[in-house]
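So the structure is just underneath, and the comments pick up after that.
Every read-out reported here was derived from the displayed coordinates using simple, explicitly stated rules and does not represent laboratory data. Everything quoted here is computed from the prediction, not taken from an experiment. All Cβ positions, glycine included, derive from the backbone under ideal geometry; neighbour counts span all protein chains shown.
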Amino acid sequence: MPCRTHTAFYDGGGCFAKQTLDDALILVSKDIAERCEKREIIAVLDFKTDSEDMGAYISSQLTTMIFEHSTLQVVTRQHMDKVEKELDYQISGVVSDSTALSICERLGAKKIVFGSLEELDNQYTLQVKMLAVETGAYALFKKYDVSRSSRTEQLLHHAATIYKSSLGIILEANKNSISYVSPAVGLSFDYSVTRRLSLGVKALASYDAFEKDNTIYTVEPLVFVRWYAVSPTGEPSAGLFVEAQGGAAILMVNSDLKSTGSTGLSLGFRIPTGNFYVEPLLRGGYPYMFGAGVGMGFRF
C-alpha cells in the first residue's frame, strides 16, 4: 500500500513522513474511528514513553481528537483508576495483551488503545496498537513518524542542548567582475545572543584565478548579524537565515595594495546534526556582485 500524505502502515518496513506530534494524533484518531463502529466504547491507556507527562499528554490529546473526529465513546482515566486498584496494576503504558483485554472487559469497552513513543534517528516513532476484546486480534497496529520539536522535548523532560557558538570554514565562488568567477575560502565564528539572533565575524580570501591581465588577491574581514527566520525542528540557531555583512575588502592587484568597504546580504539554511552543521548560502553585495558556497563546522 502506498504511503499517505502524513502516515503509513507498519508492515515490517513501513514508510514514514515527518509531522508534528499533534498532527500524528489527529491521524491516529481518524484511523481508530475507521476501524470502529459508531458510538462504540473504546479505552485509551497512557502510552509508554520516557516521561509520565508525555504518556499522559498523548493519551489526553488522543482522547480529545477522537471526540472531535468521531462518535466513539472513550473510557476516561478515572474509570481506569478504579480498575487499576482491582488489578493492582500501574497504568504506565507497559501492558501485555492479556492485561489489556482484562481491563477492557471490566470497563465494557470493545477495543483498547495503547502504544509507545520511541526515539529513532533524531526523531520519534509513535507506535499505536488497538486490540479487539472479542477476538484478541489487533484492529490497528501502526507506526507514525513524529518530528522533534520544542513541545516533544519539553514533555520528555529533555534538557535542551543549546549550542551557542559555531566555528567553521567557508568554501565559495564569488563573482568579482562581469567576466570572471573567483574561488574563495574562509573562516567563520558566530555566537547566538538569542534563539534567533547571532553575531559573528568571518574572513574570506579569494583569488581571481581566471583573470588573464591582472593578478588579484582579495581578503575580506567582515562582521555580520544573522537572523534565523524559520527553524523546522524548533532547534535554536538553525534553519533558514538572513545575514547582513559589513567590513572591508583588501585587494592586492598585481603589486598595488588597495582597500574599499565591503557590504552585502546573505541567505542560507543551517542544517544541524548534533554539534556539527552544514549551511549552503548565497550572498550579494559590493564590491563583489554575488557569491555562492557552503559553510560547515562545529557548534559548542
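A few remarks follow.
- Restricting region 18-75 to GluC sites (Glu not before Pro) in coil, as DSSP defines it, with at most 11 other Cβ within 10 Å: GLU37
- Note on LEU282 and THR260: the extension gain reaches 5.8 nm, defined as 0.36 nm multiplied by sequence separation minus the Cα-Cα distance.
- At most 14 other Cβ within 10 Å, DSSP loop - trypsin sites (Lys or Arg not before Pro), region 168-245: LYS212
- Restricting region 187-220 to chymotrypsin sites (Phe, Trp or Tyr not before Pro) in coil, as DSSP defines it, with at most 11 other Cβ within 10 Å: PHE210
- The amide H of ASP46, built 1.01 Å from its N in the peptide plane, has GLY93 as neighbours under 5 Å, considering only residues 5 or more places off or on other chains.
- Rg in Å to one decimal, and Dmax rounded to a whole Å, for region 185-266 via C-alpha atoms: 16.0, 50
- Inter-label distance, nm, simple model (7 Å from Cα along the C-beta direction), SER60/LEU187: 5.1
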